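**Student:** One structure follows; several queries about it will come next.
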Amino acid sequence: MLTAIVLAGCSGADAGGAPRTDGSAAGRPGLPGAATAEKGRVSLLQKVGDDGPLRSLNVQADGRWECADCAGDGVTSTGALDAEQVKRLQDLLADPGLAKETDQAREYRVSCIDALTSSLVTAVGLITSQDCPGEEKPPVAYEILLLLTQATPAEPTA
């Protein structure tokens, strides 16, 4: 399950803004074990099925990004969002509705087998969705996912 991988793979704080699991992102208390990122930053973790490689994209508040194995080719690439994309991303990350889309708020459970599972690690918490028929996409998080997959080598679908 990707959520378990995300939580296990994100332990500890990183000065570069990597996801944290202690809930202390942006200086606010949180739930122990809740994966979060510094305010204005986001990480996208993707995996197809249980055995697929873990793809990761980390985006800084200024729009610089680093993507490890995003296209499934083992390559790590870097780049930057343009000014319009940075503004859109920051607006989406600041949307109050995003907090209602966390896995905890939605009581999210992975429901498909061998589907692309995408998890956004944000300052408000972990937001997971799957690319499977009939699954409802959290609207703000899905806009973030689309923005990131259109602007980087990350994939929107399996």
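Computed from the coordinates by the stated procedures, all read-outs in this text should not be read as laboratory data. Remember, it's a predicted structure, so these values are computed and weren't measured experimentally. Cβ sites come from the backbone with ideal geometry, for glycine too, and all protein chains shown count toward neighbours.
**Student:** Using only C-alpha positions, report the orientation-averaged shadow area of the convex hull of region 97-158, nm², one decimal.
**Tutor:** So the Cα hull casts an average projection of 4.2 nm².
**Student:** I need the peptides 39-45, 102-108 ranked by packing, meaning the mean over residues of other C-beta atoms within 10 angstrom, with the highest value on top.
**Tutor:** Listed from highest to lowest mean packing, they are 39-45, 102-108.
**Student:** Under 14 Å from a point placed 7 Å out from the Cα of residue 132 along the Cα-to-Cβ direction: which residues of region 40-61 have their backbone N that close?
**Tutor:** 47-51
**Student:** Let me ask something additional. Stokes-Einstein at 37 °C, 0.692 mPa s, Kirkwood radius from Cα pairs: D for region 30-133 in µm² s⁻¹?
**Tutor:** This corresponds to a translational diffusion coefficient of 226 µm²/s.
**Student:** Ok, one more. Expressed as a rounded percentage, what relative contact order does region 30-158 have, with Cα pairs under 8 Å and six or more residues apart?
**Tutor:** Once divided by the residue count of region 30-158, the mean separation gives 29 percent.
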